[in-house]
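Working notes, beginning with the structure itself.
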Amino acid sequence: MAGSDTTSRPLWQQVLEDLERRIDDGDISGRFPTDKELTEQYGVSRHTVREAVRRLRARGLVDRHRGRGSFLNEARLTQPLGGLYSLFRAVEERGLEQRSDVLALEVARDPSVAERLGLPPRSELVHLQRLRYAGEDPLALDSVWLPRDIGRHILDVDLSRTALYDELQSRAGVRITAVDETLEPVIPDADARELLQLDDDEALLRVRRLGSSDGRPVECRVTLIRGQRFLYTSSWRADGDPGPTTTFSEPEPDEA
């Protein structure tokens, strides 16, 4: 690599370390250099550059936008495990516009969901599916099922720019007081890849949530979140101290 000392480290690692230094120093901000620009700057092959950039993207530092190039990912959302979080609040607190495309808002049946909600298999439910955005970029594909006696209150609500839990509390008097949640990495199918505008090597986090209100299950939610845009954290201390706070301001339980 031009301008570097002789070293046994791979060229891609040298480029990676220098890019990290430039990012930390603020030499690179906003738009990220193209592969062509980086090959000229470092005097290395495009393969070497792509390996370094691939590792930056795997860490969530660089995000590629189709048709616009690559940019530093300055809006990664951080959420501590064990708390009730709100995508709506998380996005707005980072200074980004929160909006959703409502893909479905309907009365439907799903025996497996009804069972999780403690209802008979043929029970009518309200199904809400939204494509969630952080600014201009798709962030998550969110699917929520509610018992009909609760969900009927939101059937005529514009849920493209409002928090679901706010609407449930104001219209149905329902407040989420407990959740059980699981997370797992998943490989996106073709539909999710297209809707979320995913890169070829980008994975998703699937979050399954069962929300209850005063002991009654009232929400069954499955959310597919872009792994490069959302970070979960956890802290534990032997002395019981909760440890340092995170960059995510945890909302009250009536916000989601």
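Please treat every number below as a calculation from the coordinates, not as lab data. Remember, it's a predicted structure, so these values are computed and weren't measured experimentally. Cβ atoms come from the backbone with ideal geometry, glycine included; neighbour counts cover every protein chain shown.
Points to keep in mind about this one:
- Cβ crowding within 10 Å averaged over residues, with 23-36, 105-118, 126-139, 151-164 ranked highest first: 126-139, 151-164, 105-118, 23-36
- With K and R counted +1 and D and E -1, the other residues having a Cβ less than 11 Å from that of Val144 yield a net charge of +1.
- Computed extension gain for Arg50 through Leu159, at 0.36 nm per residue and net of the alpha carbon distance, reaches 35.2 nm.
- The range 157-232 and the range 15-42 have Cα centres separated by 34 Å.
- Here the simple spin-label model places points 7 Å from the Cα toward Cβ, and for Arg109 and Thr34 these points are separated by 5.6 nm.
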